[in-house]
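Participant: The structure under discussion is supplied below as structure tokens; questions concerning it will follow.
The values are calculated or read from the model by the stated rules, or taken from the named source; none is laboratory data. On a predicted model such as this, the values are computed, not experimentally measured, just so you know. Here the Cβ positions follow ideal geometry from the backbone for every residue, glycine too, while neighbour counts run over all protein chains shown. Side chains included, ligands, DNA and RNA excluded: accessible areas come from the protein's heavy atoms. Shrake-Rupley method; radii C 1.70, N 1.55, O 1.52, S 1.80 Å.
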Amino acid sequence: MPLKGLPRLDGVRVLVVDDQEEARMMIAQSLGEWGAAVTAAASGREALALVEGAAFDALVCDIAMPEMDGFEVIGRLRAMGDAPELSHLSRLPAVALTALGRPEDRMQSLVAGFQMHVAKPVELVELIMVVASLTRNQHET
């Protein structure tokens, strides 16, 4: 699918979490070229520290990471949203990235607290469309 006609992500603040540097940088660069302000984290712990000190419009998180996988990240993120000053985290749009694309894998991601499930290898067009659809109401002018 051509990139022409895809929505821009100008002003959208995205946190990308992936322990694989090449994947993390490719996703961050691609979203950045489409206008998003991207912050990249190499681990779940790093991502959770970042969300306490900065506001994001979307989270793009790998599932299969060592130490703290994406399911634990989203669980902790949603639990952090119980605190009044961090209540926005309970509603932060989140995309699960995974090499597992079976229907039951998608369902597991949704039940865990992600809004969308995108299979790896990531297709740039799909990821742009997913992030745009999850954040469109936040940045309409």
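Participant: How large is ³J(HN,Hα), in whole Hz, for each residue of region 4-19 in order, when computed from phi with the Karplus curve 6.51 cos²θ - 1.76 cosθ + 1.60 and θ = phi - 60°, using x for Gly and Pro?
Facilitator: With the stated coefficients, region 4-19 comes to 4, x, 6, x, 6, 10, 4, x, 7, 9, 10, 9, 9, 10, 7, 6 Hz.
Participant: Quick one: Cα convex hull volume of region 77-141, Å³ per residue?
Facilitator: Value for region 77-141: 90 Å³ per residue.
Participant: Which whole-Hz couplings ³J(HN,Hα) result when phi for each residue of region 73-79 is put into the Karplus expression 6.51 cos²θ - 1.76 cosθ + 1.60, θ = phi - 60°, listed in order with x for Gly and Pro?
Facilitator: After applying 6.51 cos²θ - 1.76 cosθ + 1.60, I find 4, 5, x, 5, 4, 5, 5 Hz.
Participant: Here is a further query. Add -39500 (n - 2.57) for each DSSP H run of 4 or more in the chain, then divide by its residues: what number comes out at 222 nm, to the nearest 500 deg cm²/dmol?
Facilitator: Taken over the chain, the calculation gives -12000 deg cm²/dmol.
Participant: Here is a follow-up. Quote the relative contact order of the chain in percent (integer), defining contacts as alpha-carbon pairs under 8 Å separated by 6+ residues.
Facilitator: It rounds to 24 percent for the chain.
Participant: Please report, in whole Å³, the volume per residue of the convex hull around the C-alpha atoms of the chain.
Facilitator: 105
Participant: Which trypsin sites (Lys or Arg not before Pro) does region 66-141 hold that lie in a coil by DSSP with at most 15 other beta carbons within 10 Å?
Facilitator: Taking region 66-141 and a limit of 15 other Cβ atoms within 10 Å, the loop trypsin sites (Lys or Arg not before Pro) found are 91.
Participant: Could you look at the chain and say what percent of its accessible area is carbon and sulfur, using a 1.4 Å probe and all protein chains?
Facilitator: 55
Participant: Based only on Cα atoms, what Rg/Rh ratio does region 1-52 have, Rh being taken as Kirkwood's radius?
Facilitator: Reported Rg/Rh (Cα atoms, Kirkwood Rh): 1.04.
Participant: Which ³J(HN,Hα) values in Hz, rounded to whole numbers, follow from the phi angles of region 105-118 under the Karplus curve 6.51 cos²θ - 1.76 cosθ + 1.60, where θ = phi - 60° and Gly and Pro get x?
Facilitator: 5, 4, 4, 4, 5, 5, 5, 5, x, 7, 8, 9, 10, 10
Participant: Please list, in chain and number order, the residues 5+ apart from residue 17 or on another chain whose amide H is under 5 Å from its amide H, with Hs placed from the backbone.
Facilitator: Counting only residues 5 or more places away or on other chains, the set is 41, 60, 61, 62.
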